[in-house]
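What follows is calculated from the coordinates using simple rules that are stated; it is not laboratory data. Predicted model, so just to flag it, every value in this text is computed and none were measured. We place every Cβ from the backbone using ideal geometry, glycine too, and count neighbours over all the protein chains shown.
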Amino acid sequence: MFIDSFLSFGLFFLTAVAVVAIFLYLYALVTPYDDYKLIFEENNTAAAVGFGGAILGLSIPLYSALISSVSYIDFLIWALVATVIQLILALVMTRIKGKFALEQKINDGVVSVGILMAFLSISIGLINAGSMSY
């Protein structure tokens, strides 16, 4: 019984970590700027805060899926939903042009815009998690 519980924990935990890792890769693909270069080479705080908010915005519904799912497959489906929603948010928000263009502001390191992106991601994550109720 204990071994089964431990194996189940391991399966869910490792899957959730894998989902986050895949998200890290996909998020960098959907944003029009090079997140990793901005963060690790250019020390861009705005990009780091925005990216961190996106990770948290994914982790909140992943947590909800982990505690609410009735099976492993159910968890996988909700993890996919959470990932897609966060990626769509990033895709849409970073493509807005004009006065509210995030792309150039993130590239320029405007921290307030990075904070806004983070809070948008976290908010969508919370709404997503709340929508996963049965």
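Per residue of region 93-105, in order, report the coupling 6.51 cos²θ - 1.76 cosθ + 1.60 (Karplus, θ = phi - 60°) as ³J(HN,Hα) in whole Hz, putting x for Gly and Pro.
For region 93-105, the Karplus-derived couplings read 5, 8, 9, 5, 10, x, 4, 9, 5, 7, 3, 5, 5 Hz, x marking Gly and Pro.
How do 116, 91 line up, fewest other C-beta atoms within 10 Å first? Let's see the in-between values first.
Numbers: 116 19, 91 14.
Fewest-to-most ranking of 116, 91: 91, 116.
Mind checking the dipole of the chain: about its Cα centre, +1 per Lys or Arg Cβ, -1 per Asp or Glu Cβ, Debye to the nearest 20? List each step's numbers first, then the result.
Numbers: 5 positive and 8 negative charges, 77 e Å.
Here the chain has a charge dipole of around 360 debye.
What do you get for the angle between helix 2-30 and the principal long axis of the chain? Use alpha-carbon atoms, 0 to 90 degrees, nearest ten.
On a 0 to 90 degree scale, this one is about 20.
Projected area of region 2-131, taken from the Cα convex hull and averaged over every viewing direction, in nm²?
Working: hull surface 32.5 nm².
Averaged projected hull area, Cα only: 8.1 nm².
Using alpha carbons only, how many degrees (0 to 90, rounded to 10) separate the axis of helix 111-131 from the longest principal axis of the chain?
The two axes meet at around 30 degrees.
Kindly rank 44-55, 97-108 from highest to lowest mean number of other beta carbons found within 10 Å of each residue.
Numbers: 44-55: 22.5, 97-108: 13.9.
Highest to lowest by the protection proxy: 44-55, 97-108.
Could you point to the residue in 100, 75, 126 farthest towards the positive end of the chain's charge dipole, with +1 and -1 charges on the Cβ of Lys/Arg and Asp/Glu respectively?
In the chain, that residue is 100.
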